[in-house]
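Student: I am attaching a structure below and will ask some questions about it afterwards.
The values are calculated or read from the model by the stated rules, or taken from the named source; none is laboratory data. All values reported here derive from a predicted model rather than from experimental measurement. Every residue, glycine among them, receives a Cβ derived from its backbone with ideal geometry; neighbour counts consider all protein chains shown. Heavy atoms of the whole protein, side chains included, go into the accessibility calculation; ligands, DNA and RNA do not. Shrake-Rupley method; radii C 1.70, N 1.55, O 1.52, S 1.80 Å.
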Amino acid sequence: MNKATPMKNEFKFNCSLVNGIHARPASHLEKVCKQFDCDITLTNLRSGNTGNAKSVLALVSTDTLLNDPCILTFNGQDSEQALNKLTQYIHNEFAHCDQALDKPGASEAIVLPQSLLRHQPTLLQGKCLALGIGKGRLIGNEDINLNLFRTDIQYDETARFDNARQQVSNSLEQAVQDADGAEKEIINAHLAILNDITFVDDIQKHLISQSTANAVLASLEIVSEQLKQSSSAYLRERIVDIRDVATQLLCAAYPEINITTKLTLTGPSIVIANDLTPSQFLGLDKELLQGLVLTHAGSTSHTVILARAFNIPTLSGIEAAQCADALNSEVYLDANLGVLAVQANQGVRCYFDRAITLNQQLSDKQGAYAALSAQTSDGKGIEIAANIACSVEAQAAFEKGAQGIGLFRTEMLFMDRSEAPKEEEQYEQYRQVLQAADDKPVIIRTMDIGGDKPIDYLNLPQEGNPFLGYRAVRIYPAFINLFHDQLSAILRAALHGNAKIMIPMIQSIEEIRWVKEQIEIVKNRLTAQELEFDNDVPLGIMVEIPATAFIIDQFCQEVEFFSIGSNDMTQYLLAVDRDNDSVAHLYNSLAPSFLRMLDQVVSTAHQYGRWVGLCGELGADAKVLPLLIGAGLDEISMSAPKIAPAKAVLSKLNSSDCKALFDQACQCPTINDVQALLDNASASQESKPLLSTECVLKNADFSCKEEVIQSMVGNLGLHGRTDNTYKLEEDIWAREAVFSTALGYGFAIPHTKSEHIRDSSISIAHLNKPIDWQSDSGDVDVVIMLTLNKEQGDQHMRIFSSLARKLIHESFREQLRHSKDEAGIISMLEKELAV
Amino acid sequence: MKIVAITACPTGIAHTYMAADKLSDTAKKLGITIKVETQGAMGIENRLTEQDIHRADIVVMAADIRVEYGERFESKLCVNVSIQDALKKPQSIFSQCQKLMK
């Protein structure tokens, strides 16, 4: 401990990252350290490893896991400043620069469906890494033998390496421009490896006595060895990324060596590989790639993250040797079931082809809701918009069905950086969102900075009560240039679409008048600069401070629209800090006081012809949606993945029922009463009718009993009547095992009383060709499936029993068989069963 | 001939009721008086009274599960058949009854 020497400083901490220091947090830490000239080293006291803190790979190689005790040592000129900065950084930011990686696939054991097992399939069990079902030729991908590059020193090896590095760097930089989302992040990680001090220094050290190829391979081996020793699976999986970068370097350094790193697919394929490098994955034709088996990949592998982004079903945990015989033959990969089916017989093929069709129908159905315009069953339209925090989210939000951006939180643009973004950078971001919106409305909220969203370079004071303190519009006068630049960027970008400006945390008329003066100042400045801008961008405010709700009529004279921030409004209205565990239970937006506030704001604003939206978590709650519709909101804004489901719920609501429900809720004295009212409404709302054309399959081409049951149960899943098709099917087959449900006369009636059917249903299938029902009652061409919800009880049971009684009469059976279409069957049954 | 019958199948959703109607319809055609009690998912319906049982010449038990309150028929002449038989060959059940009566 060298505390006596003024040039050397150190700082002790425990690693608080769930996944340890892997590439992403390492690159954050590296960036902070690189701001200083002094040497900075990280020592992990558990593993005893030490690494240069300005190198991602060296940091990663310290094998630092959650709760490991660590020391950062600073040595050199500015070590004092570095120590201060890093101490602050490790305490305040480091823990938040990474998040737990999501692992898909429930841990609950999957029940393989009988309709598959009865065909005696040959299945290889694996672990699901990315959901979906695919079919194609099984293609093996051999690891590239990098030793083919080995060679002696030829001439200027330093130049050869530098050129190769520059080339790879250029092509990755180019790729980053074109990529987005997960793909972009991974290419960035590769760029970081390519620029990593330890990795590059190590190669350059070897270059003194070796060829470029041998130097790269030697360094690759050293780094891989270090990572292999790591106790973190995540870090071990990074080897493939480094190998990927090394391969790219070697290919660039020796263009004359012809190694095909690219796997070319010629038809629908399932690719099996030890592990695929991200660039190999990106090089595959995604139209043809139907599935992936990565024998050794973990759920955090970059290739797996890409596979999820591209919707490629992916499994791990299957050895290549297990399926050597199946190479180049047709196989099925069902990641939902966690199996690879090889040597499929006719029955197995029939099962999986049907499963693929059902899966496709399900995603089409969800996609169809995304494309729907949002309206209630009686045709009342409401805008369903998305909340976003950065421009790249916009495109995806519109693909998921957003009819606008209801809240563009711009503060993200200002966070995690050393200085505020320039007007030009902001302009570019706003313009991108507006262009993606293609004239749909985009509400840009000016920065909500301060309070719980601190920004280093603004030097805002620490506060005892940030939520009631110096934040949002309240800081604008002190940072007037920042505010003017943002307004200027928005007004200019607004020429590219339908932009609106929204001001956060407004509580008085004085504040909004001040804002309007500033907008005029900015417009004058733009005019003076002869810069073009949109002169008519609508101005609105967030309604999040209760005070505004009482003078909303006066605000109607000042602004054109309102958006209720349900999170903060609930917090302020009820005086509850929801991050405080002792009072968090009091935080509830269903409080009658909140609902009456909502009523007051919407009805007053509408009297003045003003528009009111709501952004906040409340909007995404399907159960609360009827209340929000009933309140008369013009728009609801939520996170993008919630949009299609919200549209689906909306399409089933009736606006006058919603209005009545809302009025009733406003009269409730307690939250529990409101909750009970909603539970009641959703129980009667959600239940689907026993008889419906959606459960009738006319002219069905099913080839065996298994396919009939798989399809009829699958159809119930498709229409949300069961949440677990596999288990419902299991129950149906359990009944078949007692004795076959064939009736004779070409009829069969599979049935069950099950906890896995949400709404009791009568399903009917008319088969084009009679099939063997595995009974002594002859072939079957009409199937009636009865699925009874255990809870829904007697009323449905009465209809089931009356249907059963009718089925023994020939005249009834003939009517059923000869009804000409789905609607005909349903109306005949409704009449006969008096439903 | 007067018959009382009970139908009961494993799930009690379909076959209990089909068998009951099959037996009633066939009996009607044959001029036999019958009353059928169903023991299904809705519990016991069309329950046989003490008097019904007392007056009956014979009891038909069409059941694949244990019949509830079977002790009611302890002193009676019983024909035990499966639900499948009741559905597929009701006539032969009735002729069996007639044979037993002789």
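Student: Rounded, prolate or oblate: which fits chain A when a ≥ b ≥ c are the square roots of the eigenvalues of the alpha-carbon gyration tensor, with rounded for a/c under 1.5 and prolate only if a/b beats b/c? Don't skip to the end; give the middle numbers.
Tutor: Numbers: a/c = 2.24, a/b = 1.18, b/c = 1.89.
Oblate shape, in that a/c is at least 1.5 and b/c is the bigger or equal ratio.
Student: For A:K228, which aspartates and glutamates qualify as cross-link partners when the Cα separation must be under 14 Å and same-chain residues fewer than eight apart are set aside?
Tutor: Qualifying aspartates and glutamates at Cα under 14 Å: A:D63, A:E237, A:D241.
Student: While we're on this one: Tell me which of A:N67, A:F36, A:N52 sits at the most positive position along the dipole axis of the stretch A:8-96, charges placed on C-beta atoms (Lys, Arg +1; Asp, Glu -1).
Tutor: Of A:N67, A:F36, A:N52, it is A:N67.
Student: I would also like to ask the following. Looking at the square roots a ≥ b ≥ c of the eigenvalues of the Cα gyration tensor of the stretch A:146-253, which shape do they give, rounded for a/c under 1.5, prolate if a/b is larger than b/c, or oblate?
Tutor: On the way: a/c = 2.21, a/b = 1.24, b/c = 1.79.
Oblate, because a/c is 1.5 or more while a/b does not exceed b/c.
Student: Can you work out the accessible area per residue across chain A, with the rest of the protein chains kept in place, probe 1.4 Å, in square angstrom? Walk me through the numbers on the way to the answer.
Tutor: Details: 36380 Å² over 835 residues.
Solvent-accessible surface per residue comes out at 44 Å².
Student: So, one more: Place a point 7 Å from the Cα of A:F812 along the Cα-to-Cβ direction; which residues of the stretch B:42-64 have their backbone N under 11 Å from it?
Tutor: Under cut-off, by backbone N: nothing.
Student: Follow-up. Expressed as a rounded percentage, what relative contact order does chain A have, with Cα pairs under 8 Å and six or more residues apart? Don't jump to the answer; show the numbers that get you there.
Tutor: Values: 1506 pairs, mean separation 77.6, N = 835.
Answer for chain A is 9 percent.
Student: Under 14 Å from the Cα of A:K135, which aspartates and glutamates turn up, not counting those fewer than eight places away in the same chain?
Tutor: Leaving aside aspartates and glutamates fewer than 8 places away in the same chain, those within reach of A:K135 are A:E287, A:E330, A:D334, A:D353.
Student: Let me ask something else about it. With a 1.4 Å probe and all protein chains kept in place, how much accessible area does A:L327 have, in Å² rounded to the nearest 10?
Tutor: 80
Student: Of the DSSP beta bridges with both residues in the protein assembly as shown, give the percent that are antiparallel, rounding to the nearest 5. Before the final figure, lay out the partial values.
Tutor: Details: 46 of 114 bridges.
Just about 40 percent of them are antiparallel.
Student: Could you give the alpha-carbon Rg of the stretch B:2-101 over 2.2 N^0.38 Å, rounded to two decimals? Could the numbers behind the result be given before it?
Tutor: On the way: Rg = 12.1 Å, N = 100, 2.2 N^0.38 = 12.7 Å.
Cα Rg divided by the expected 2.2 N^0.38 Å: 0.95.
Student: Another one. Could you work out which residue, out of B:L30, B:L48, B:L77, moves most in a Gaussian network model of chain B, that is, has the largest mean-square fluctuation with Cα springs under 10 Å?
Tutor: The residue with the greatest mean-square fluctuation here is B:L30.
Student: Ok, one more. Between A:N672 and A:D152, what's the calculated FRET efficiency when r is the beta-carbon distance and R0 is 56 Å? Round to 0.05. Before the final figure, lay out the partial values.
Tutor: Values: r = 82 Å, r/R0 = 1.46.
Computed FRET efficiency for A:N672 and A:D152 comes out at 0.10.
Student: Same structure again: At a Förster distance of 22 Å, what's the computed FRET efficiency of A:Q664 paired with A:F550, Cβ-Cβ distance as r, to 0.05? Numbers along the way, then the final one.
Tutor: Values: r = 24 Å, r/R0 = 1.10.
Here the calculated transfer efficiency is 0.35.
Student: Sticking with this structure for a sec: Could you tell me the accessible area of A:M412 in Å² (1.4 Å probe, neighbours in place), rounded to the nearest ten?
Tutor: 100
Student: Return the subset of A:K400/A:K688; A:K380/A:K688; A:K659/A:K790; A:K184/A:K642 for which the Cα-Cα distance in this structure is over 29 Å, preserving the input order.
Tutor: Numbers: A:K400/A:K688 26 Å; A:K380/A:K688 22 Å; A:K659/A:K790 33 Å; A:K184/A:K642 24 Å.
From the list (A:K400/A:K688; A:K380/A:K688; A:K659/A:K790; A:K184/A:K642), the Cα-Cα distance tops 29 Å for A:K659/A:K790.
Student: Add -39500 (n - 2.57) for each DSSP H run of 4 or more in chain A, then divide by its residues: what number comes out at 222 nm, to the nearest 500 deg cm²/dmol? Mind dumping the intermediate values first?
Tutor: On the way: 30 runs with 359 residues, N = 835.
The per-residue figure over chain A is -13500 deg cm²/dmol.
Student: Using the crude model of +1 on Lys and Arg Cβ and -1 on Asp and Glu Cβ, and no other charge, please compute the dipole size for the protein assembly as shown relative to its Cα centre, in debye to 20. Don't jump to the answer; show the numbers that get you there.
Tutor: Details: 85 positive and 120 negative charges, 676 e Å.
About 3240 debye.
Student: Here's a follow-up. Cβ neighbours within 10 Å, averaged per peptide: list A:633-646, A:338-351, A:663-676 in order, most packed at the top.
Tutor: Details: A:633-646: 21.0, A:338-351: 19.5, A:663-676: 15.4.
Packing proxy ranking, top to bottom: A:633-646, A:338-351, A:663-676.
Student: Tell me, what does the Kirkwood hydrodynamic radius of the stretch A:383-684 come to in angstroms if you use every pair of distinct C-alpha atoms? Walk me through the numbers on the way to the answer.
Tutor: Values: mean 1/r = 0.0502 Å⁻¹.
Evaluated over the stretch A:383-684, this radius sits at 19.9 Å.
Student: Please work out how much accessible surface B:V36 shows to a 1.4 Å probe, ignoring ligands, DNA and RNA, in Å² rounded to 10.
Tutor: We get 10 Å² for B:V36.
Student: Right, another one. Pairwise over distinct Cα atoms, reciprocal of the mean inverse distance: report the Kirkwood radius of the stretch A:693-833 in Å, one decimal place. Could the numbers behind the result be given before it?
Tutor: On the way: mean 1/r = 0.0666 Å⁻¹.
With all distinct Cα pairs of the stretch A:693-833 included, I get 15.0 Å.
Student: Over the alpha carbons of the stretch A:8-96, what is the largest minus smallest coordinate on each principal axis, giving the biggest first in Å?
Tutor: 32, 25, 20
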